[in-house]
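Before any comments, here is the structure.
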Amino acid sequence: MRTLPKPPKIVDLHAEALIGDADDYDPDELLAVSLDHFREYLDAAIYWEYAEIKFIHGKGKGILRDSIYNELRDYKAAGTISSYYPAYHNEDIVIVHIGV
């Protein structure tokens, strides 16, 4: 049986927080790394039946934010999360509600 490790309640998706030397990667590779971590942690939060999880996507050009929101639309359409929205105090964070 496969078990996923419990993810943190707040996940920083900045490439610098996920890999050692971000300068060695091109922007598409950095985005792919961040999205892979996003999916891994969200899937683990669903597995562990978290009520919610927060992802820090930051400001930048909005490419990571837009990609995260596209992924979240798919998760919501599949019924695996109930809702998601920007944090009221910080729009650089998205709050994902898992329980229906």
>> Within the stretch 37-53, does at least one residue satisfy the condition of being modelled with pLDDT under 95 and among the small types (Gly, Ala, Ser)?
In response: no
Expected single match for modelled with pLDDT under 95 and closer than 15 Å to His97 by Cα among Ala22, Ala32, Ala87, Ala15 is Ala87
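The values are calculated or read from the model by the stated rules, or taken from the named source; none is laboratory data. Quantities reported herein were computed from a predicted structural model and do not represent experimental measurements.
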